[in-house]
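Read the figures in this text as sums done on the coordinates, not as results from a lab. The structure presented is a predicted model; accordingly, all values stated were derived computationally and were not measured. Neighbour counts are summed over all protein chains in view; Cβ atoms, including those assigned to glycine, are modelled from backbone coordinates with ideal geometry.
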Amino acid sequence: MFQLKRQLHLQADRIEWLLAAHKAPARVTGGRVTPRTIQFHLTPAPTTKISRVAGLAQEVALMLDVPSARILRENGSLYIEIPRDGAKPLRFLEMCKRAERDPEMMRVLRVPGTALIGMGADGVPVMLRLGVPDVPHVLIAGTTGSGKSQAARALLASLVLYQPARETRLVIIDPKASDFDVFATAPHLLCPIVQNANEVRARLEWLADEMERRQLAHIRRPRIVVLVDELADLLMQGGSSLQDLLTRLVQRGRSAGICIVACTQKPTASILGTLVKANFPVRLVGKVTGAHESLVAAGVSKSGAEHLAGRGDFLLIANGEKIRLQIAHLPATDDAALQHRFFS
């Protein structure tokens, strides 16, 4: 800890020297260390133009001998962000152990639909409560290596570990047949994992019928969480009829206790269209390839998702607010331990 503190003070001094040398003086007045990054809080001098500071990112990275540096504004504050040396993954099962020592956290995690997904930049665990008016459905977007599948795995694992099957049931549509096999034995599954593309339509038609049955009978329990992986690929293969089915489910599903969690690594408007724009108010967005994909994935302009570090570095977009978080990592090497806990 002492060594890290000494390093941070040294880096802060170098940042101040560099900015002064480029006639953009500012003081480092604090910061925060997250699981993946270090952020230095800057207070510019009254005469310093923010655009001048923003143009010095490469010089800062070179001075600090780091692969990259970002200058960003959040909630009216200015930061310089750099990757953290020797960053370690935020392990999902380790987070669970910490949560289980906290009675208040366990009380929250047992509220139907609540899922633990990661940790915010302030060190506070981040949870989503699926199916409530503010979180009817969730879009998870990010390119390969962003941590998109890890986000979905953590969300499902949290539901299975802390929600009884009588309260929360799962339907998993996984065309890649690679990331969610660990849940094949979970008691919460309503049906075997759908891995054959030809079966997707039949399963969605069944869900649409079940939604209408529940609405007529005013049934909302148990909550049904439907994970749809590779949403963009499914829409391209299934055409307008498949999109119509999904649109019905996301527009009317919440009133019947059905929540869609959709994942995509191709967040483009030409594929996702109005299905995503109008029906997914909550987004979990990892690194994407460019500003256009960032806009479609986040649903807000200038989210900065194209500049995220990848490997679980995410934004949670909800109610017009943006929260930076590190997604909890659930590697395949933990699958056996996770399955053991399903039945313990």
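Below, the figures for the structure above:
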{"quantity": "Mean separation of Cα contacts under 8 Å (6+ apart) over length of the chain, as relative contact order %", "calculated": "18 percent"}
{"quantity": "All-pairs alpha carbon distance profile, the range 1-134, 10 Å steps from 0, percent", "calculated": "11, 34, 24, 18, 11, 1"}
{"quantity": "Listed residue pairs exceeding 20 Å between alpha carbons, taken from K5/K287; K148/K266; K5/K97; K176/K266", "calculated": "K5/K287; K5/K97"}
{"quantity": "Rounded to 5, percent antiparallel among DSSP beta bridges of the range 92-342", "calculated": "45 percent"}
{"quantity": "Value of relative contact order over the range 2-83, rounded to a whole percent, pairs C-alpha under 8 Å and six or more apart", "calculated": "26 percent"}
{"quantity": "By average C-beta atoms within 10 angstrom, highest first, the peptides 66-74, 258-266", "calculated": "258-266, 66-74"}
{"quantity": "Simple label model, 7 Å out from Cα along Cβ direction - I50 to T29, nm", "calculated": "1.5 nm"}
{"quantity": "Burial order of peptide ranges 108-116, 224-232 (average beta-carbon count within 10 Å, highest first)", "calculated": "224-232, 108-116"}
{"quantity": "DSSP-assigned coil residues among trypsin sites (Lys or Arg not before Pro) in the range 142-172, each with at most 12 further Cβ atoms within 10 Å", "calculated": "R166"}
{"quantity": "Low-density loop cleavage sites - trypsin sites (Lys or Arg not before Pro) in the range 267-344, where at most 11 other Cβ are within 10 Å (DSSP)", "calculated": "K302"}
{"quantity": "Kyte-Doolittle at least -1.0, axis length at least 20 Å by Cα - qualifying DSSP helices, the chain", "calculated": "2-21, 148-162, 197-217, 231-252"}
{"quantity": "Candidates G118, G55, G142, ranked by Gaussian network fluctuation over the chain, Cα under 10 Å, top entry", "calculated": "G55"}
{"quantity": "Cα gyration tensor shape of the range 214-344, rounded if a/c is under 1.5, else prolate or oblate by comparing a/b with b/c", "calculated": "oblate"}
{"quantity": "Label-point gap, in nm, between S178 and V132 - each point 7 angstrom along Cα→Cβ", "calculated": "3.5 nm"}
{"quantity": "Dipole in debye (nearest 20) - the range 2-83, about Cα centre, beta carbon charges: Lys, Arg +1; Asp, Glu -1", "calculated": "120 debye"}
